[in-house]
Ligand code: ARG
């Protein structure tokens, strides 16, 4: 690839040429015929990034060559030479010996040019009944399909890590928050299982996107289809697609399969960033809910006491790149007339980057989840703070005294106010204080005022009671096995 320095000097040369600054017309004309040509290559060349599609490109070419042979569009000898040459190219790329060359623009032409060097003119028959338009649509679709599969697998690994912690902490109490204010006691297992649900939906979004994109565009050729007797069903099957795409224009001009995958990735990144944020908060000395080992933390170069959750912070921040990638490709595609336009070459960089980032983020998150150690004592103490069982008192008044909930809410508010005055928790309020609010209140009320009783009482389906949490863990373990 052209390096930055020479690109910059070309840009400058071009700008001088365009403005004609200090140059005579002949000189200007002369420069214009060469420099813009170099800039043309600079703006046009994509091999620097689309070389990542080499496996897909070779697979597509193999399937295409075999189909051309089977349909008697090319001879058996030519097909054998082509397939042998493609194998040799695969070996060269694996070994790092393949000459990737800017002058051949992209992966498709680099492969074809090398094939010609290796096997001679028969190489020229490979492109029969094919165009780079359907070729790139195929390669990119297969790349995104694999990226979706990988993301799904990684999300399942993350879910397994969450499940293991949730199982170990199905009874570990912690405060549940709303507005980041203590709300009601929950269990740590229940909290982690919320993320198992989110990542489960993310995985299913990738699976849905994969299923929808699993149609083969090869054979759409430039845009209108091919006059040769090609067998699109055969190439689709050979490449693992459910069927060929049904409209040749759509085949070469659509990238919504990538947009859909990026949207799934962007949503997934929002979930990852929320868990990352919670890890950051939980790790602060003020919370002290969890510890992360040295494996996923870093120190400070100046403050020796520091242990920073950098991995979590970076997962939180990298969500930005996922969201940007979706926006970037959506902006490229918006308003493009059918069929192929070169704009679409800009589909790859954001997509590659987004999935690289997603891969790292899910992996790091699975690592952190597996690595974290909760501090159940600190969590339990926090679970009881902030009058977190006030709703339990109100519910007791409703259940035991048949009070309307609104009245119970009011009485409980008064109890909280009194506990605040006495600087104690609800469970420590003397019975006579409670009786002063309603003489029918009996000592049995204290059974519901501890965080453990509060959590255990929430047995409704999907609630935080440890048995409910364990039931959901069992369901997910089953689904993931
Ligand atoms: N490198 C191109 C891309 O990524 C391949 C398709 C080129 N097609 C064309 N008609 N110029 O989009």
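The values are calculated or read from the model by the stated rules, or taken from the named source; none is laboratory data. Note that the structure is predicted; figures quoted are calculated from it, not measured. Ideal geometry is used to build each Cβ from the backbone, glycine not excepted, and the neighbour counts take in all protein chains shown.
Quick notes on this one:
Residues checked against (1) farther than 30 Å from residue 274 by Cα; (2) in contact with a strand residue (DSSP E or B) (Cβ under 6 Å, 6 or more places away or on another chain):
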position	(1), (2)
369	no, no
379	no, yes
394	yes, no
397	yes, no
435	yes, no
448	yes, no
458	no, no
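- The residue list 233, 191 contains one member that is part of a helix (DSSP H, G or I), in contact with a strand residue (DSSP E or B) (Cβ under 8 Å, 6 or more places away or on another chain) and farther than 30 Å from residue 133 by Cβ, which is 191.
- Out of 78, 102, 134, one residue alone is at pLDDT below 95 and surrounded by 15 or more Cβ atoms within 10 Å (Cβ to Cβ). It is 102.
- For region 415-435, the set of residues classified as in contact (Cβ under 8 Å) with a residue 12 or more places away in the chain and more than 20 Å from residue 385 (Cβ to Cβ) consists of 431 only.
- Set side by side, the residues 355, 287 differ, and just one is within 12 Å of residue 262 (Cα to Cα) and more than 16 Å from the ligand (Cβ to nearest atom), which is 355.
- Residues that are within 30 Å of residue 473 (Cα to Cα), more than 16 Å from the ligand (Cβ to nearest atom) and over 25 Å from the mean Cα position of the chain (by Cα) number at least 1 in the following helices (runs of 4 or more DSSP H) confined to region 70-188: 132-168.
- Cross-chain or 6+ apart pairs with Cβ under 6 Å, region 332-348 first and farther than 15 Å from residue 263 by Cα and touching a residue at least 24 places away in the same chain (Cβ under 8 Å), then more than 10 Å from the ligand (Cβ to nearest atom) and not in a loop (DSSP other than H, G, I, E, B): 338/249; 338/253; 339/249; 339/253; 340/253
- Given (1) in a helix (DSSP H, G or I); (2) in contact with a helix residue (DSSP H, G or I) (Cβ under 8 Å, 6 or more places away or on another chain); (3) closer than 30 Å to residue 173 by Cα, number of the condition residue 318 does not satisfy: (3)
- Consider region 334-352 and keep the residues that are more than 9 Å from the ligand (Cβ to nearest atom) and touching a helix residue (DSSP H, G or I) at 6+ places or on another chain (Cβ under 7 Å). The one that is nearest to residue 47 (Cα to Cα) is 349.
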